[in-house]
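Everything on this sheet refers to the single structure shown next.
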Amino acid sequence: MKVPTAEAFRSQLVIAEQRQLFDYWLEKSGENFMPTRRDISPSHFPRLLPFVSLIEREENRFKIRLSGTR
């Protein structure tokens, strides 16, 4: 299976807010596959919070940290 590049994936995002969040994700990921929980701060994108859900995995359960309203 071919994995799309970040640019190819980003080009498929049609909503500007999706692109902004994806860009933030890439920035915080750096050289890693994904950012750590410590890297993400909802205070960095308050206008986009209605579009975001943050779910934290704790062993065999999941905790909803933030649930967007849109």
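At a probe radius of 1.4 angstrom, the accessible area of the chain per residue rounds to 86 square angstrom.
Rounded to the nearest 500, the 222 nm mean residue ellipticity of the chain from helices alone is -8500 deg cm²/dmol, with -39,500 (n - 2.57) taken per DSSP H run of at least 4 residues. Springs join every pair of Cα atoms under 10 Å in this Gaussian network model of the chain, and among PHE33, PHE22, PHE51 the largest mean-square fluctuation is at PHE33.
Residue-wise HN-Hα couplings along the range 38-55, as the Karplus relation 6.51 cos²θ - 1.76 cosθ + 1.60 with θ = phi - 60° gives them from phi, are 5, 6, 9, 10, x, 5, 7, 9, x, 5, 9, 4, x, 9, 10, 10, 10, 10 Hz; Gly and Pro carry x.
Computed over the chain, the P(r) curve from all C-alpha pair distances, binned at 10 Å from the origin, holds 17, 46, 33, 4 percent per bin.
For ARG65, the amide hydrogen comes within under 5 Å of the amide hydrogens of LEU54, ILE55, GLU56, counting only partners 5 or more places away or on other chains and with H modelled in the peptide plane. The residues packed around HIS44, meaning those with a beta-carbon under 15 Å from its beta-carbon, carry a net charge of +1 if Lys and Arg are +1 and Asp and Glu are -1. What a 1.4 Å probe finds exposed on the chain is 54% carbon and sulfur by accessible area, rounded to a whole percent.
The values are calculated or read from the model by the stated rules, or taken from the named source; none is laboratory data. From a predicted model like this one, the values you see are computed outputs, not experimental measurements. Methodologically, a virtual Cβ is constructed for each residue, glycine included, from the backbone with ideal geometry; neighbour enumeration extends over all protein chains shown. Each accessible area value is taken on the protein alone, full model and side chains, heavy atoms only, with ligands, DNA and RNA left out. Shrake-Rupley method; radii C 1.70, N 1.55, O 1.52, S 1.80 Å.
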